[in-house]
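The values are calculated or read from the model by the stated rules, or taken from the named source; none is laboratory data. From a predicted model like this one, the values you see are computed outputs, not experimental measurements. All Cβ positions, even for glycine, are placed from backbone atoms using ideal geometry, and neighbour counts span all protein chains on display.
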Amino acid sequence: MNIFKIDQLRPGALLKSELYWVSGEKLLSAGRKLDQTDLKAIQSRKQERNEEEVYGLSFEEEKALLNQEGLFFVPNRHLDVDTLKAGEQVLHGVYDCKMVVLWVIETRRITLQDIQTLARFSDEVVQAIPGTIFVWYKDELKERNDPVVKAITENLCRIQEAQTRVKAERRPIKALNEIAPKEKLREYLQRPLLQARTAEEKQQVTKHFDRSLDRLTQTLHPMSRATRLKAESVLEHRHTVEDAIQMILRDCDLAMNLLNQPSDINYLTAHAFKVNILAIEVATTMGLSKQEIMNVGLAATFQDLGMLCLPQALVNKPMPLSPSELQEVRRHPIYSVEALEKVQGLPRDVSEGISQAHERLDGSGYPAGLSGNQIHPLAKILAVINVYVAMLSARPYRQALTTYDAIFFLLHNAYYNLLDRNIVKTLLDVLSLFPIGTLVELKTGEIARVVSANEEAYTRPVVSLIYDANRKPLSTSCFIDLLHTDGAEIVRIVPPDEFPQLQMDDGF
Amino acid sequence: MPKRILVVDDEEDIARAFEEALSKAGYDVTIATDGYDALEKATAGSYDLITMDLRLPKQDGISTVKQIMDMVRLGRMAKPAVVIISGYVDEHKLELSQVPVRHIIPKPVGVEDLCKIVNRVFEENKPDDF
């Protein structure tokens, strides 16, 4: 594939490539001699759309791209539409017709309406580029540009993106307090970068981890008195959430890796921390505003305060709960909200998020049995993330699930209308099926760490090589984008104890 | 009970055309339009047959088929019949040979042919009548 600047095209030149606009529309076919009219049309388009470059694809490349969409049709029959009569049958198939390709999706018997449609088609076709695909389905006979445009554009964009991603540099970050509360934070998310982080950058993230855990432990420790939440601690937690948001905007992938960090802190603190990070990440990706993201972070922080009001023996019981015990545990969202009632300045969205995080879309949740859109959108986000994070943790009454199993559990819940499928989808976009931080083995035998998700390909994330095929450590960092690298594939997840000498953030 | 079919194709017109034809033929049809959709519905929805386009947003068809097979192997779901309908088959020949797929049909396929193939798949599976 070549890129030409429009100014390079000269009259009389014989086109050797199929020419496409960067936007994906076909410009000219190969084999044609450029004349003045062509050039005038191209120039005016250049002015209109501000497009300076065109792509030249060889016949094979074009065929490969169109094949991808199942769009490379070789017509095997000719159809003379001008002589068709009402009542005649046209078999389904792909026809060569007036220099274009006509795909008749269903066998049809020609009606008078069809004759009219065909007359319009004959007129249109005069101006079409030879080889364009037209589709005839029910009453519509139209040019099948969209998938072609889509196929070409997506592929061209992908190639461009792959190149920019490698060369990208970190942009300076805007401070969180300079961003208005109603602004969406999605555009401030730094595009994941394929370069190794400095020791300093890793340390900053670890410091945040330690600080947050400290603050959360003070509030969520079983020995603390949850019923008397002081205004100062709320302010500290607000700062923690702001720090988390800033950290995620600066380097979301390294932040995600914190989900894998082991530590011997109590379950509630670990849960609150992890839900915080994921909820902020998902909310940002979904395009929520800074205020909404702050609220979801605060809700994640305080949602389990109510658990501290329950007897610890109940919370840690290793066996199934009796119906009355279950009923008591299910009151904890109410207790959490009560603990926060005396605190001034907490937005109502936060308490609604907390009290409704265990509601389910089909009304089977608790405490109020709300359903569908009765449930606060922030609560819907917390619901999904709570389930995911809980599945990955070992509990007194069951073992931890693998990430694979946890995700399939979420998919099941989405299908049966318990959890919101858009949120589950966004979680997959953000995590991929091999969550960030997972150690994997590639087809080539190399061992790598997943360092960034590709939302267009859950099984082809970006990985960073750690050991070569002979298990020798690499001396420099090497990032591979599995989506854009042919033949590169993950064959298995490597359990961390196969390489106990590795640090959590090796590879980043 | 009508057999349940999941049609996976990111082009809505094509998916709808398949759905209509297969519904008329007496099947209970659902559509999925991207890799996430296909993954969610295929693993949770107990379909008897899945028609899969290979190139999909979010996750390609082959990865989705592999995950379905994983779930079957783990005993989480019954094995559906999988029919691949795609123009992209040559490029994936090696991968396709490793997944147990019933039929591979290059696009474009007419809806009558599709119905014939689907009917045949279910015929082949019919238990003996005593």
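Is it the case, given these coordinates, that A:A488 is of a type outside the set (S, T, N, Q) and in a loop (DSSP other than H, G, I, E, B)? Don't jump to the end; show me each part of the working.
On the way: of a type outside the set (S, T, N, Q): yes; in a loop (DSSP other than H, G, I, E, B): yes.
The answer is yes for A:A488.
Evaluate the following for A:I407: is it at pLDDT 90 or above and over 21 Å from A:P318 (Cβ atoms)?
Criteria not met by A:I407.
Which ones in region B:35-46 are more than 9 Å from chain A (Cβ to nearest Cβ) and out of contact with any helix residue (DSSP H, G or I) (no Cβ under 8 Å at 6 or more places or on another chain)?
The answer is B:S46, and nothing else.
Evaluate the following for A:P377: is it at pLDDT 95 or above and surrounded by fewer than 22 Cβ atoms within 10 Å (Cβ to Cβ)?
When the stated conditions are applied, A:P377 passes them.
Evaluate region A:60-70: report whether one residue or more is at pLDDT below 80, in a loop (DSSP other than H, G, I, E, B) and touching a helix residue (DSSP H, G or I) at 6+ places or on another chain (Cβ under 6 Å).
Kept after step one, since they are at pLDDT below 80, are these residues of region A:60-70: A:60-70.
Filter once more, keeping what is in a loop (DSSP other than H, G, I, E, B): A:69-70.
Narrowing further to those that are touching a helix residue (DSSP H, G or I) at 6+ places or on another chain (Cβ under 6 Å): A:69.
So far as region A:60-70 goes, yes, one or more of its residues are at pLDDT below 80, in a loop (DSSP other than H, G, I, E, B) and touching a helix residue (DSSP H, G or I) at 6+ places or on another chain (Cβ under 6 Å).
Listed here are the residues, each with its yes/no results for (1) in contact (Cβ under 8 Å) with a residue 40 or more places away in the chain; (2) within 14 Å of chain B (Cβ to nearest Cβ).
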{"residue": "A:R360", "(1), (2)": "yes, no"}
{"residue": "A:P396", "(1), (2)": "yes, no"}
{"residue": "A:Q399", "(1), (2)": "no, no"}
{"residue": "A:F408", "(1), (2)": "no, yes"}
{"residue": "A:D420", "(1), (2)": "yes, yes"}
{"residue": "A:V424", "(1), (2)": "yes, yes"}
{"residue": "A:V430", "(1), (2)": "yes, yes"}
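Out of the residues in region B:77-90 meeting the condition of being surrounded by 15 or more Cβ atoms within 10 Å (Cβ to Cβ) and within 12 Å of chain A (Cβ to nearest Cβ), tell me which one is nearest to B:E124 (Cα to Cα).
Restricting to residues being surrounded by 15 or more Cβ atoms within 10 Å (Cβ to Cβ) and within 12 Å of chain A (Cβ to nearest Cβ), the top hit is B:I84.
What's the total number of residues in region A:71-102 that are surrounded by fewer than 16 Cβ atoms within 10 Å (Cβ to Cβ), part of a loop (DSSP other than H, G, I, E, B) and modelled with pLDDT of 75 or more?
Residues flagged as surrounded by fewer than 16 Cβ atoms within 10 Å (Cβ to Cβ), part of a loop (DSSP other than H, G, I, E, B) and modelled with pLDDT of 75 or more within region A:71-102 amount to 8.
Just checking, how many residues over region B:79-100 are at pLDDT 85 or above and assigned to a loop (DSSP other than H, G, I, E, B)?
Residues in region B:79-100 being at pLDDT 85 or above and assigned to a loop (DSSP other than H, G, I, E, B): 2 in total.
Going through region A:36-62 one residue at a time, which ones are buried (at least 17 other Cβ atoms within 10 Å of the Cβ) and within 33 Å of the chain's Cα centre (by Cα)?
A:V54, A:Y55, A:G56, A:L57, A:E62
Restrict the check to region A:370-390 and report whether at least one residue is part of a helix (DSSP H, G or I) and over 27 Å from the mean Cα position of the chain (by Cα). Talk me through it step by step, then tell me what you get.
Let us first name the residues in region A:370-390 that are part of a helix (DSSP H, G or I), namely A:372-374, A:377-390.
Within this subset, residues satisfying the condition of being over 27 Å from the mean Cα position of the chain (by Cα) are none.
No, region A:370-390 has no match at all.
Take the residues of region A:10-35 that are closer than 30 Å to B:E91 by Cβ and among the charged types (D, E, K, R): which is surrounded by the most Cβ atoms within 10 Å (Cβ to Cβ)?
A:E18
Mind listing just one residue for me: the one in region B:13-34 that is in a helix (DSSP H, G or I) and within 13 Å of the chain's Cα centre (by Cα) and, of those, nearest to the other protein chains (Cβ to nearest Cβ)? Lay out the reasoning, then the answer.
Residues of region B:13-34 in a helix (DSSP H, G or I): B:13-24.
Filter once more, so that each one left must be within 13 Å of the chain's Cα centre (by Cα): B:15, B:18-19, B:22.
Working: B:A15: 12, B:F18: 10, B:E19: 13, B:L22: 13 Å.
Here the residue is B:F18.
When region B:47-76 is examined, which residues are found to be assigned to a loop (DSSP other than H, G, I, E, B) and either at the interface with chain A (Cβ under 10 Å from one of its Cβ atoms) or acidic (D, E) (or both)? Write out each step before concluding.
Of all residues in region B:47-76, those assigned to a loop (DSSP other than H, G, I, E, B) come to B:47-48, B:53-60, B:74-76.
Listed by number, the residues that qualify are B:D48, B:D53, B:L54, B:R55, B:L56, B:P57, B:K58, B:Q59, B:D60, B:L74, B:R76.
Step by step: first the residues of region A:194-251, then only those that are surrounded by 19 or more Cβ atoms within 10 Å (Cβ to Cβ) and of a type in the set (G, A, S), then the one that is modelled with the highest pLDDT. Which residue is that?
A:A244
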